[in-house]
1. Kindly indicate the residue of region 72-90 that is outside any strand (DSSP E or B) and among the hydrophobic types (A, V, I, L, M, F, W, C) and also farthest from Glu124 (Cα to Cα) among those meeting that condition.
2. Please go through region 165-187 and pick out each residue that is of a type in the set (Ser, Thr, Tyr) and open to solvent by less than 90 Å² (accessible area, probe 1.4 Å).
3. Give the residue that is modelled with the lowest pLDDT, with candidates limited to residues of region 15-45 that are in contact with a helix residue (DSSP H, G or I) (Cβ under 9 Å, 6 or more places away or on another chain) and in a strand (DSSP E or B).
4. Among all residue pairs at least 6 apart or on different chains, which show Cβ distances below 7 Å where the first residue, located in region 99-110, is surrounded by 15 or more Cβ atoms within 10 Å (Cβ to Cβ) and the second is among the basic types (Lys, Arg) and at pLDDT 90 or above?
5. Within region 141-148, is even one residue on the phi < 0 side of the Ramachandran plot, surrounded by 10 or more Cβ atoms within 10 Å (Cβ to Cβ) and touching a residue at least 60 places away in the same chain (Cβ under 8 Å)?
6. Could you list, in sequence order, the residues of region 111-140 that are assigned to a loop (DSSP other than H, G, I, E, B), touching a strand residue (DSSP E or B) at 6+ places or on another chain (Cβ under 9 Å), open to solvent by less than 70 Å² (accessible area, probe 1.4 Å) and not acidic (Asp, Glu)?
Amino acid sequence: MRPLPSRRRKNRGISLGLFALCLAAARCLQSQGGSLYIPQSTINATVKEDILLSVEYSCVGVPTIEWKYTSNWGVQKIVEWKPGTQANISQSHKDRVCTFDNGSIQLYSVGVSDSGYYIITVTECLGSSQFGTIVLHVSEILYEDLHFVAVFLALLAAVAAVLISLMWVCNKCAYKFQRKRRHKLKESKTEEIELQDVEC
């Protein structure tokens with residue numbers, strides 16, 4: 001029997017997490033020839049936001065910098081370049097990536113599908129490499145929905161205020177009508193009593 005697709009996704013997510021953890025451990029065990037510093041390893045963003053995946057490295061010579069994107073759908077190369085030269089950006093990220101000489105990249109107008117692990121590899125001229133991982137979580141903006149709910153609630157409050165005012169006016173009118181009716185009944189009763197007295 002085949003496992004459910006959701007279970008497969010969950011297992012794939014766990015394996016990707018372990019992969020990122022192994023990369024972080026490998027980074028800690030590397031030689032002291034170069035270093036890679038990631039100031040923010042987890043980034044939360046909203047849709048259409050521009051995100052800076054910031055890193056800093058130090059090494060001997062001019063290194064080769066490579067960024068890869070890992071998600072439930074697999075591993076995808078984003079960009080590769082040497083500082084001071086033209087970057088080789090993949091077709092999937094053309095016009096969406098800006099590179100910096102310190103190894104950082106900027107992603108323009110991110111979407112929910114951009115959520116995942118971003119792995120940087122800095123390879124020195126001598127062949128040694130430094131690895132780093134940044135986790136990006138992109139969520140949808142809920143302001144439009146909240147705006148709609150706020151307008152709807154304001155409309156309901158206005159309708160409720162109008163209905164309460166109408167009920168108050170109706171209550172006052174009914175009270176006046178009942179007073180007049182009682183007054184007329186009293187007058188008619190007193191007239192009947194006077195007529196009976198006159199007849200007697």
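1. Step one: filter region 72-90 for residues outside any strand (DSSP E or B), giving 72-73, 82-87, 90.
Subsequent filtering for residues that are among the hydrophobic types (A, V, I, L, M, F, W, C) retains 73, 87.
Details: Trp73: 30, Ala87: 17 Å.
Looking at residues that are outside any strand (DSSP E or B) and among the hydrophobic types (A, V, I, L, M, F, W, C), I get Trp73.
2. So the first thing to find is which residues in region 165-187 are of a type in the set (Ser, Thr, Tyr), and the list is 165, 175.
Across region 165-187, the qualifying residue is only Ser165.
3. Step by step, filter region 15-45, then rank; the result is Leu36.
4. Matching pairs, first to second residue: Leu107/Arg96.
5. Yes, region 141-148 contains at least one residue that is on the phi < 0 side of the Ramachandran plot, surrounded by 10 or more Cβ atoms within 10 Å (Cβ to Cβ) and touching a residue at least 60 places away in the same chain (Cβ under 8 Å).
6. Step one: of region 111-140, the residues assigned to a loop (DSSP other than H, G, I, E, B) are 111, 115, 124-128, 140.
Imposing the further condition that a residue be touching a strand residue (DSSP E or B) at 6+ places or on another chain (Cβ under 9 Å) reduces the set to 111, 115, 124-125, 140.
From the residues that got through so far, the ones that are open to solvent by less than 70 Å² (accessible area, probe 1.4 Å) too are 111, 115, 124.
Gly111, Ser115 - these are the residues of region 111-140 that are assigned to a loop (DSSP other than H, G, I, E, B), touching a strand residue (DSSP E or B) at 6+ places or on another chain (Cβ under 9 Å), open to solvent by less than 70 Å² (accessible area, probe 1.4 Å) and not acidic (Asp, Glu).
For (1) open to solvent by 60 Å² or more (accessible area, probe 1.4 Å); (2) closer than 17 Å to Leu107 by Cα; (3) out of contact with any Lys or Arg (no Cβ under 7 Å at 6 or more places or on another chain), each residue gets a yes or a no:
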| position | (1), (2), (3) |
| --- | --- |
| Asp50 | yes, yes, yes |
| Trp67 | no, yes, yes |
| Thr70 | no, yes, yes |
| Gln76 | yes, yes, no |
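The rows are residues; the columns are (1) of a type in the set (Val, Ile, Thr); (2) within 30 Å of Thr42 (Cα to Cα); (3) in contact with a helix residue (DSSP H, G or I) (Cβ under 9 Å, 6 or more places away or on another chain).
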site	(1), (2), (3)
Thr133	yes, yes, yes
Ile141	yes, yes, no
Val149	yes, no, no
Phe152	no, no, no
Leu163	no, no, no
Met167	no, no, no
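The values are calculated or read from the model by the stated rules, or taken from the named source; none is laboratory data. What you see is a predicted model, and the numbers here were worked out from it, not measured in a lab. Here Cβ is always computed from backbone atoms with ideal geometry, including for glycine, and neighbour counts include all displayed protein chains. Heavy atoms of the whole protein, side chains included, go into the accessibility calculation; ligands, DNA and RNA do not. Shrake-Rupley method; radii C 1.70, N 1.55, O 1.52, S 1.80 Å.
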